[in-house]
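Asks: Handing you this structure, nothing more for now.
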Amino acid sequence: AFAAGAPHAAETAPSAPEPAKGAAISASVCAACHTNDGSRGIAANPIIQGQHPDYLVKQLTEFKAGKRDNPVMKAMASPLSEADMKNVAAFYASKQPKPGFAKNKDLVSLGEKIYRGGIAERSVPACSGCHGPSGAGIPAQYPRLAGQHADYVEAQLVAFRSGARHNNAVMNAVAAKLNDRDIK
C-alpha cells in the first residue's frame with residue numbers, strides 16, 4: 001500500500017520554481033518596463049532585481065485579481081499562471097541587487113532619520129522595523145527597499161496615503177501620517 005501511494009504523492013508535490021522559465025517570460029513580457037534583469041529601468045517602475053520571490057508572487061497575484069489597481073500590470077499579470085509567477089519571481093530574486101543613490105541629497109538626513117527612528121510626535125514607526133535596517137525587507141510581507149527608485153517609492157507612499165493603493169493596511173496607516181516632505 002505504501003509503494004502504491006508514493007508515485008501519486010510525487011506527482012502532486014509542488015514543483016520548484018524554474019528561473020530559466022522565468023527568464024523567458026521576463027524577456028517577452030516584463031523587460032520592456034523592468035529591464036531584462038529587473039534593474040534600473042525608468043524611475044516610475046520598481047526595481048525588482050533581488051526582490052523577495054514571495055513578495056513578487058503576492059504582488060503579481062494582487063495585480064491579476066485587481067486588488068492592486070494598475071491596468072498595465074493587470075494586463076501583464078492576468079495571463080500568468082501561479083507557476084509562471086513563481087518562475088518569474090525566482091528569476092528576478094536570483095539577480096544581485098545593485099546599490100541605489102539619493103535623488104535629492106538635501107533630504108538624505110531627514111529620510112534616514114525617519115527610516116531608522118520614525119517620527120515619534122506623529123506616531124510614525126521607523127521604516128526599518130518592517131523593511132529591515134539595511135532595507136532588505138521581510139519576504140512576502142514587506143519589500144526590499146534598498147536601492148529602489150526614489151520616484152517609485154514616493155509614488156507608492158502617496159498612493160498608500162490617499163488610499164489609491166489599499167493592499168496593505170499597515171502602509172495605509174503609516175503613510176496617512178506623512179506629509180509631502182516626509183515622503184520625499
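No value in this document is a laboratory result; all are computed from the given coordinates. Values in this document were obtained by computation on a predicted structure and should not be read as measured data. In this analysis, Cβ positions are derived from the backbone assuming ideal geometry, glycine residues included, and neighbour counts consider all displayed protein chains.
Asks: Looking at segment 40-62, is at least one residue in contact (Cβ under 8 Å) with a residue 12 or more places away in the chain, in a loop (DSSP other than H, G, I, E, B), polar (S, T, N, Q) and surrounded by fewer than 16 Cβ atoms within 10 Å (Cβ to Cβ)?
Replies: no
Asks: May I ask you to list the residues in segment 18-39 that are in a helix (DSSP H, G or I) and in contact with a helix residue (DSSP H, G or I) (Cβ under 7 Å, 6 or more places away or on another chain)? Full working, then the answer.
Replies: Just the residues of segment 18-39 that are in a helix (DSSP H, G or I), to begin with: 19-34.
Those that are in a helix (DSSP H, G or I) and in contact with a helix residue (DSSP H, G or I) (Cβ under 7 Å, 6 or more places away or on another chain): P19, K21, G22, A23, I25, S26, V29, C30.
Asks: Mind checking whether some residue in segment 107-122 is touching a Leu at 6+ places or on another chain (Cβ under 6 Å) and surrounded by 17 or more Cβ atoms within 10 Å (Cβ to Cβ)?
Replies: Of the residues in segment 107-122, the ones touching a Leu at 6+ places or on another chain (Cβ under 6 Å) are none.
No: segment 107-122 contains no residue that is touching a Leu at 6+ places or on another chain (Cβ under 6 Å) and surrounded by 17 or more Cβ atoms within 10 Å (Cβ to Cβ).
Asks: Name the single residue that is nearest to the chain's Cα centre (by Cα) among those in segment 63-90 being part of a helix (DSSP H, G or I), surrounded by fewer than 21 Cβ atoms within 10 Å (Cβ to Cβ) and touching a residue at least 40 places away in the same chain (Cβ under 8 Å).
Replies: So in segment 63-90, the residues part of a helix (DSSP H, G or I) come out as 63-65, 71-77, 82-90.
In the following step, the residues that additionally are surrounded by fewer than 21 Cβ atoms within 10 Å (Cβ to Cβ) were identified as 64-65, 71-76, 82-84, 90.
Now narrow it down to the ones that are touching a residue at least 40 places away in the same chain (Cβ under 8 Å): 76, 83-84, 90.
On the way: M76: 16, A83: 18, D84: 17, A90: 13 Å.
The residue in question is A90.
Asks: Name every residue in segment 107-140 that is in contact (Cβ under 8 Å) with a residue 60 or more places away in the chain and more than 26 Å from L56 (Cα to Cα), in order of residue number.
Replies: Passing the criteria: L107, L110, I119.
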